[in-house]
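The values are calculated or read from the model by the stated rules, or taken from the named source; none is laboratory data. None of these values were measured; they are calculated from a predicted model. All Cβ positions, even for glycine, are placed from backbone atoms using ideal geometry, and neighbour counts span all protein chains on display.
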Amino acid sequence: MRGAGIADAVIMETVMAEPVYEPLAFAWREPADMLRRAQDFRALMARRRTVRDFDNRAVPREIIAEAVRTAALAPSGANQQPWTFACVSDPAVKARIRVAAEEEEKAFYAGRAGAEWLDALSHLGTGWQKLFLETAPWLIAVFGQRHGVAADGRRTKHYYVPESVGIATGFLIAALHNAGLATLTHTPSPMGFLNEICGRPESEKAYVLVVAGFPARDCRVPKIAKKALDDVSVWL
Ligand SMILES: Cc1cc2nc3c(=O)[nH]c(=O)nc-3n(C[C@H](O)[C@H](O)[C@H](O)COP(=O)(O)O)c2cc1C
């Protein structure tokens, strides 16, 4: 298939184009090798933790760009790739994001969240102050595109946007972690302010703010447990 952009893909869809195929580049492996790789990957991912205390050490832009390229490889409804990653390293922009996020979070922790939600968060020790939004070298605001725009300016429907953005964000977090960076999945609530600060149109909705960088030297994280296989799966 030629290098189709989003607009091309939309047009192809609306004219009911014939599918074009290419050979699948699939790596066939022996079961023992597959198991070892699966175990190695789990061990890698087991070392990922949400970090809320960052060092201000710089991270080269190309590392972030590679992680975003990986995120953009995620599957998406009808391959519409309905996402925009706003990558922020400018201290002035980060400061604006911190001010706006803390304003929302102050109201959230002061009661807007409700007692049940605050109770669910209590073991994490989080609060309204978000110093990391300025300390961490990178903030990646992940936007979902509620709809697309065809070459002729027409609105086109996007399918499964939250699901697609969630999967792409998972790819992003895994890619950043694999590169040797710490991340925080942050969801200041609500986060409409990110549209204005990041210059994104109304048609896009901010889903998550991924904070990326190095952990502070003395970084500590909440001691938590993950559910076991039996608790998260059924086998039929
Ligand atoms: C959708 C989503 C939203 C989250 N929002 C926040 C947040 O706003 N602030 C925060 O400190 N952590 C946030 N987290 C991080 C979770 O608290 C964290 O993933 C959880 O406690 C498990 O810890 P771990 O990531 O170290 O395994 C969020 C995580 C997810 C998946």
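Residues that are among the acidic types (Asp, Glu) and within 29 Å of HIS123 (Cβ to Cβ) were ranked within segment 38-65; the one that is nearest to the ligand (Cβ to nearest atom) is ASP53.
Here TRP235 meets each of (1) farther than 19 Å from ALA67 by Cβ; (2) surrounded by 11 or more Cβ atoms within 10 Å (Cβ to Cβ) with one exception, condition (2).
Within segment 176-210, the residues that satisfy the criterion of being in contact with a Leu (Cβ under 7 Å, 6 or more places away or on another chain), assigned to a strand (DSSP E or B) and more than 9 Å from the ligand (Cβ to nearest atom) are ALA206, VAL210. The set of residues from segment 78-103 being β-branched (Val, Ile, Thr) and under 16 Å from the mean Cα position of the chain (by Cα) comprises THR84, VAL88.
The one condition from (1) closer than 22 Å to TYR159 by Cβ; (2) at pLDDT 95 or above; (3) surrounded by 10 or more Cβ atoms within 10 Å (Cβ to Cβ) that VAL20 does not meet is (3).
Going residue by residue through segment 85-107, is there one that turns out to be assigned to a loop (DSSP other than H, G, I, E, B) and either more than 16 Å from the ligand (Cβ to nearest atom) or touching a helix residue (DSSP H, G or I) at 6+ places or on another chain (Cβ under 7 Å) (or both)? For segment 85-107, residues assigned to a loop (DSSP other than H, G, I, E, B) and either more than 16 Å from the ligand (Cβ to nearest atom) or touching a helix residue (DSSP H, G or I) at 6+ places or on another chain (Cβ under 7 Å) (or both): present. Across segment 26-77, the qualifying residues are those that are within 21 Å of the chain's Cα centre (by Cα) and aromatic (Phe, Trp, Tyr), and the one among them that is farthest from PHE132 (Cα to Cα) is PHE41. Among the criteria (1) over 21 Å from the mean Cα position of the chain (by Cα); (2) touching a residue at least 24 places away in the same chain (Cβ under 8 Å); (3) within 14 Å of the ligand (Cβ to nearest atom); (4) outside any helix (DSSP H, G or I), the one THR156 does not fulfil is (3). Out of curiosity, is THR70 among the hydroxyl-bearing types (Ser, Thr, Tyr) and more than 16 Å from the ligand (Cβ to nearest atom)? So THR70 fits the description; yes.
Within segment 122-148, the residues that satisfy the criterion of being in a helix (DSSP H, G or I), within 13 Å of the ligand (Cβ to nearest atom) and at pLDDT 95 or above are PHE132, LEU133.
Tell me whether segment 176-188 contains one or more residues that are at pLDDT below 95 and more than 24 Å from PHE41 (Cα to Cα).
yes
Filtered by the rule that a residue be in contact (Cβ under 8 Å) with a residue 12 or more places away in the chain, within 14 Å of the ligand (Cβ to nearest atom) and in a loop (DSSP other than H, G, I, E, B), segment 211-225 gives CYS219, ARG220, VAL221, PRO222, ILE224.
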